[in-house]
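The values are calculated or read from the model by the stated rules, or taken from the named source; none is laboratory data. These figures come from a predicted structure and were not determined experimentally. For neighbour counting, all protein chains shown are included, and Cβ atoms are generated from backbone atoms with ideal geometry for every residue, glycine included. When the accessible area is computed, the model is the full protein with side chains, heavy atoms only, and any ligands, DNA or RNA have been set aside. Shrake-Rupley method; radii C 1.70, N 1.55, O 1.52, S 1.80 Å.
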Amino acid sequence: MGTRTRVRITVALAVFGLAATACTGGGSSSGGSTGPAGKGGALPRNETLYTTGTQWGPPANYNPLRNWDHATGTKGLVYETLFHFDPNEGKLTPWLAESGSWTGDKTYDVKLRQGITWADGKPLTAKDVAYSYGLGKIEASAFHSLWSWLSDAKAVDATTVRFTFKEARYQEWDFTLYGQPIVPEHVWSSRTDEDILNGVNDKPVGTGAYKLKSKSQDRVVWERREDWWGTKALSMTPAPRYIVDVSNPSNEVVIGQLGQGQLDLSNNFLPGASSLIKSKKVVSYYDKAPYMLSANTAWLVPNTTKKPMNDAAFRRALAASVDTGKIVKGVYGDLVKPASPTGLLPQWEQFEDKALIAEKGFTHDVAAAKKELADAGYKDKNGDGLVENKDGSALSLKLAVPSGWTDWMEAAKVIAAGAKEAGIKVSTEFPDQNALNEQRGNGDFDLVINNERQLSSTPWTYYDYIFQMPVQKQQNTVNFGRYENPKAWELVQELGGVRTDDVAGMKTAISKIQDIQLTEMPIIPLWYNGLWSQSTSGTWKNWPSDAAGAPKTAPALWRNWLELGGFETLTQLKPAK
């Protein structure tokens, strides 16, 4: 997530200028004082945060267990987690939990805060927490693998939950504590497994600071709960009374809405953003390059169940054919940086094995790609300049990225061109995002670009994405390439069991994983995506930035970032007037 439509800088600035002119000239029919036009009734502008950059179509559902396609805010604004994670401090922040600790080698106790209620008035209890974690026992659940090492989740009393483990995986557990939403047992327990995992849940009942006010094809409106428990217990209250998340229109429209002050926050890639920031049309975390915080790594993901992507030599050749530098400069205008061969985010640089990268890492090298193909037996038998499969059959691959994500569409074209230069036939296709999500989950693709693992409390999450086993019939959140390597998965699990303060132990485990990664290339790291954030200050001010005295939290409402500081950002905003 977090990319999107590309238009040229000159066009972007022109649109911004035209929008500003229109506003000065008396506004527009879309309502500069009320936010982007849409159904759902007028909201007081000075109490409403208008945002976009997280939805690419009608909101699919409000099911917090579907954290890959639920309406943004379902988890974070409505459903909450036991902890948050503070990336700046590198530690968990108690949220629904008052505290949590290992009370034995394989026992972890959570103490809930008292006085927390669901939106329907019923109290949050330890049974709700035990029930929520127990939903992972459903085989098709996205967190089913948790129960391969968790043996029990039990309410000891009304506010104490005891987790007992077959195997203590410290890093994985910390990630779970701020990633797993808690749902009310009294609402969910009567549902079927299918409804639990895939239901729309359009009447969400959470403990969070917001409730669903309305929804339509192009937006979701969240309304603040004035009785939210956190106002008293955490001494914080989100400033906007209403949050309107608008499904992404075109970039021209977004830039125009920013210019008119109709939009407060765009968490979307905007080409020309650097010019907008330098001219103070919008604000971002940095006022100079790289302008954005790093958020995730974009990969080229081969479907390793299909030939020739089931061949590591072919994957290495494909990696060497990609001219990432051209993507960084030509597509992004240096708003992003090339990824290292491991793809670990810059925040995790200490865990990169530099010697191993020097030995096995890859760079853009067409000659090396051709040699790798030839050595592996891929030859151009019909003289068209492109290799065939080893058995002589035609080799033709499709690289799919979502329609409208034109930065990725342009990047895909660069990748296809590089592949062709190396002798590999790759064509591009741009299906609807939801359709592509379905294909990707079913394994019905050749190549995709993906970036769904964000910065987190541990590099374990990065390797969990790449290597998680067993591969399910439907892969919704990890290992879309369906790569199976029991040894690698075993090492990832070992990493999960290293204590979070044992940096040396983490480095040892990660080095072993990187050896397999760089040899096998199950995914091909491309570039580091930014935490795209362009804000206006006409209605809300005190946005996060690196300036002295400014908040340092994440300026993003992306899924799973609300627990990484995005929610705290909402509590630090101030009305501009």
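Selection of helices (runs of 4 or more DSSP H) fully inside region 164-252 by the criterion of at least 2 residues being in contact with a Lys or Arg (Cβ under 9 Å, 6 or more places away or on another chain) and farther than 18 Å from LEU124 by Cβ returns 170-179, 193-198. Annotation: of all residues in region 157-179 being polar (S, T, N, Q) and touching a Ser or Thr at 6+ places or on another chain (Cβ under 6 Å), the one that is nearest to LYS106 (Cα to Cα) is THR164.
Scanning region 53-65 for residues that are at pLDDT 95 or above and crowded, with 22+ Cβ neighbours inside 10 Å yields TYR62, ASN63, PRO64, LEU65. Given the structure, is GLY481 open to solvent by less than 20 Å² (accessible area, probe 1.4 Å), under 28 Å from TRP532 (Cα atoms) and not in a loop (DSSP other than H, G, I, E, B)? For GLY481, the condition - open to solvent by less than 20 Å² (accessible area, probe 1.4 Å), under 28 Å from TRP532 (Cα atoms) and not in a loop (DSSP other than H, G, I, E, B) - is not met. Selection of strands (runs of 3 or more DSSP E) fully inside region 345-459 by the criterion of at least 2 residues being more than 16 Å from PRO525 (Cβ to Cβ) and open to solvent by 10 Å² or more (accessible area, probe 1.4 Å) returns 426-429. The single condition among (1) open to solvent by less than 20 Å² (accessible area, probe 1.4 Å); (2) in a loop (DSSP other than H, G, I, E, B); (3) within 24 Å of LYS425 (Cα to Cα) that THR305 does not satisfy is (1).
LEU258 meets the conditions (1) part of a helix (DSSP H, G or I); (2) open to solvent by 50 Å² or more (accessible area, probe 1.4 Å) in every case but one. The failed one is (2). Of GLU484, GLU490, GLU494, GLU452, all but one fail to be under 30 Å from THR406 (Cβ atoms), acidic (Asp, Glu) and out of contact with any Pro (no Cβ under 6 Å at 6 or more places or on another chain); the exception is GLU452. Scanning region 496-506 for residues that are surrounded by 16 or more Cβ atoms within 10 Å (Cβ to Cβ) and over 19 Å from HIS144 (Cα atoms) returns VAL498, THR500, MET506.
Applying a threshold of 6 Å to beta carbon distances and a minimum spacing of six or more residues, or different chains, the list of pairs starting in region 427-442 at a residue that is more than 20 Å from ASN248 (Cβ to Cβ) and ending at one that is at pLDDT below 95 and open to solvent by 50 Å² or more (accessible area, probe 1.4 Å) reads GLY441/GLN474. Could you please let me know if SER535 is open to solvent by less than 10 Å² (accessible area, probe 1.4 Å) and either in contact with a Cys (Cβ under 9 Å, 6 or more places away or on another chain) or modelled with pLDDT of 95 or more (or both)? Yes. If the condition is being free of Cβ contacts under 8 Å to residues at least 24 places away in the same chain and not acidic (Asp, Glu), then region 368-393 contributes LYS371, ALA374, GLY377, LYS379, LYS381, ASN382, GLY383, GLY392, SER393.
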